[in-house]
Amino acid sequence: MAQSNTILVLNGPNLNLLGQREPGVYGAGTLSDVEKLCRDYASKSGFEIDFRQSNSEGELVTWLHEAETVAAGVAFNAGAYTHTSIALHDAIKAISTPVVELHISNVHAREEFRHTSIMASACIGQISGFGTASYTLALQALIGHLK
Ligand code: CA2
């Protein structure tokens, strides 16, 4: 079991709008509903959640660096930066903390530009397409990896 009992859940750009637009794609739940879902799920296994969202790529990079000292693992929905960001790939590679990539929608069933993840090869695995349950599935995978 890892030393820290905190899991960092990171959310990238536009995910603050969850529940307010495009409910057909992303569901009706808000980001604070997702935060509660994560806290409730993790507490059953004795983990605490540090839940954050940023629209800034640089802030996400800084939080990944921080994860090395504050978290046992990271569940990461990087939003559109998934498909574009070499900086996030490099930050994940630079830390020893395991990171699970997650997506609410099935990115492989959507536009071509969402089929590529620049982060995936730096992560321990990827969860995609299960609505907001993708968050708890990512936590399940991460906790299983840590134990
Ligand atoms: O399916 C996912 O979780 C995504 O990471 C969501 C990103 C998208 O760019 C990725 O390809 C897949 C977009 C997040 C935008 O979230 C919104 C939520 C509500 C309304 C508008 C955008």
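Quick notes on this structure:
- For the range 106-121, taking the residues that are buried (at least 18 other Cβ atoms within 10 Å of the Cβ) and not β-branched (Val, Ile, Thr), the one that is nearest to the chain's Cα centre (by Cα) is identified as MET119.
- Of the candidates ASN77, ASN16, the single residue that is over 20 Å from GLN126 (Cα atoms), within 16 Å of the ligand (Cβ to nearest atom), touching a strand residue (DSSP E or B) at 6+ places or on another chain (Cβ under 7 Å) and of a type outside the set (Phe, Trp, Tyr) is ASN16.
- You will find that of SER32, SER54, the residue that is within 14 Å of the chain's Cα centre (by Cα) and hydroxyl-bearing (Ser, Thr, Tyr) is SER54 and no other.
- Qualifying residue in the range 101-121 (condition: more than 10 Å from the ligand (Cβ to nearest atom), free of Cβ contacts under 8 Å to residues at least 40 places away in the same chain and assigned to a strand (DSSP E or B)): no
- Of the residues LEU8, LEU88, LEU60, LEU31, the single one that is at pLDDT 95 or above, in contact with an Asp or Glu (Cβ under 6 Å, 6 or more places away or on another chain) and open to solvent by less than 40 Å² (accessible area, probe 1.4 Å) is LEU8.
- Within the range 91-105, the set of residues being surrounded by 14 or more Cβ atoms within 10 Å (Cβ to Cβ) and of a type in the set (A, V, I, L, M, F, W, C) comprises ALA91, ILE92, ILE95, VAL99, VAL100, LEU102, ILE104.
- All positions within the range 34-57 that are without any contact (Cβ under 8 Å) to a residue 24 or more places away in the chain and crowded, with 20+ Cβ neighbours inside 10 Å: none
- Qualifying residue in the range 127-140 (condition: more than 18 Å from LEU15 (Cβ to Cβ) and either out of contact with any strand residue (DSSP E or B) (no Cβ under 6 Å at 6 or more places or on another chain) or near the ligand (Cβ under 10 Å from one of its atoms) (or both)): yes
- Count of residues meeting criterion [under 12 Å from the mean Cα position of the chain (by Cα) and surrounded by fewer than 19 Cβ atoms within 10 Å (Cβ to Cβ)] in the range 63-79: 0
The values are calculated or read from the model by the stated rules, or taken from the named source; none is laboratory data. Predicted model, so just to flag it, every value in this text is computed and none were measured. Methodologically, a virtual Cβ is constructed for each residue, glycine included, from the backbone with ideal geometry; neighbour enumeration extends over all protein chains shown. Note: accessible area is taken over every heavy atom of the protein model, side chains too, but ligands, DNA and RNA are not part of it. Shrake-Rupley method; radii C 1.70, N 1.55, O 1.52, S 1.80 Å.
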